[in-house]
Amino acid sequence: MRQLLSFLVLFAVVFSCGSCRKDPPVGPSATVQVSIKTVFGDEPFIAGKEYAYPSVGSIKFDDLAIFLSDISLVAANGTDEVALDEIAYLDIADAQYDMSTSEKGWVQSYFSVPLGDYTGIKFGFGVGHEDNNQSPENFSTGSPLGVVDRYSSQYLSYVFEDIAGEYYLAADTTSFSIKIIEDKSYRQVSLNESFSVVESGNEIEIVFDLKKVFQRNDSIMDLTAYPMIISPALPQMDWLSKNMEYSFSY
């Protein structure tokens, strides 16, 4: 009986220690800094500054903000991914307001990224279906998705891109507002460029060219004809959202 009791005590101790066993240590990792700098053609973007429009006249942006989702790095095997951020809100007009801040752009540091070789970075322009099917009240106020002003209650969708400003043509001024919304405007962006994450000094610099949003080859958005693009029924919204896919480079 004593031997049986001793065995049961020993079994309980071993089981208890096994159930409390710590997870295996994570492999070597480092911090990766991702920056997204917005430009307008060959010029750095600065909120409130006038730029020559691709066709004629000039344009000034007072508001510019975008949602990016599921930011991840693609491993060298081309299939595995390392998630960096589920959702990010870039208030570009607020971040780039003078020459100094335009050189920095939007910057975010991501920690504990596995060391190794990667073939690129990918992310979604907009808010993915699962999150876009909800509303700000479903998220905490600390979440980028918890802000009421970033959501369209009329169309039950987050505003993937919010642009507003003035378009100047001769003696006329046209105030414009563009709000890209709904799942069909979501675009997947893949930037293929091989790089390695090493122990220190990891920087990924992405360029967002706002000029490409308004121009695709010889086709240029006519802001005098379409100053208000807020309805997903307008074909111009689909045209603009497709342009977003090709407006990023690395």
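The values are calculated or read from the model by the stated rules, or taken from the named source; none is laboratory data. Not measured: the values here are computed from a predicted model. Every residue, glycine among them, receives a Cβ derived from its backbone with ideal geometry; neighbour counts consider all protein chains shown.
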Report the residue count in the stretch 145-186 for those that are under 28 Å from residue 58 (Cα atoms) and within 17 Å of the chain's Cα centre (by Cα).
-> 10
Of the conditions (1) at pLDDT 95 or above; (2) surrounded by fewer than 16 Cβ atoms within 10 Å (Cβ to Cβ); (3) of a type outside the set (A, V, I, L, M); (4) under 25 Å from residue 128 (Cβ atoms), residue 193 clears all except one; give me its number.
-> (1)
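Given the criteria closer than 20 Å to residue 245 by Cα, in contact with a helix residue (DSSP H, G or I) (Cβ under 6 Å, 6 or more places away or on another chain) and at pLDDT 95 or above, does residue 64 qualify? Before the answer, list the steps.
Values: closer than 20 Å to residue 245 by Cα: yes; in contact with a helix residue (DSSP H, G or I) (Cβ under 6 Å, 6 or more places away or on another chain): yes; at pLDDT 95 or above: yes.
The answer is yes for residue 64.
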Of all residues in the stretch 90-129 being assigned to a loop (DSSP other than H, G, I, E, B) and under 15 Å from the mean Cα position of the chain (by Cα), which is nearest to residue 44 (Cα to Cα)?
-> 105
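One line per residue, one yes/no per condition, for (1) surrounded by fewer than 20 Cβ atoms within 10 Å (Cβ to Cβ); (2) modelled with pLDDT under 95:
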| position | (1), (2) |
| --- | --- |
| 47 | no, no |
| 54 | yes, no |
| 73 | no, no |
| 77 | yes, yes |
| 97 | yes, no |
| 117 | yes, no |
Pairing a residue in the stretch 178-203 that is under 24 Å from residue 165 (Cβ atoms) with any residue that is part of a helix (DSSP H, G or I) and of a type in the set (Val, Ile, Thr), where Cβ atoms lie under 9 Å and the two sit 6 or more apart in sequence or on different chains, gives 178/213
For the stretch 127-172, the count of residues that are under 18 Å from residue 65 (Cβ atoms) and modelled with pLDDT under 95 equals 2
Search result, residues across the stretch 208-239 that are within 17 Å of residue 53 (Cα to Cα) and of a type in the set (Asp, Glu) | 209, 218, 222
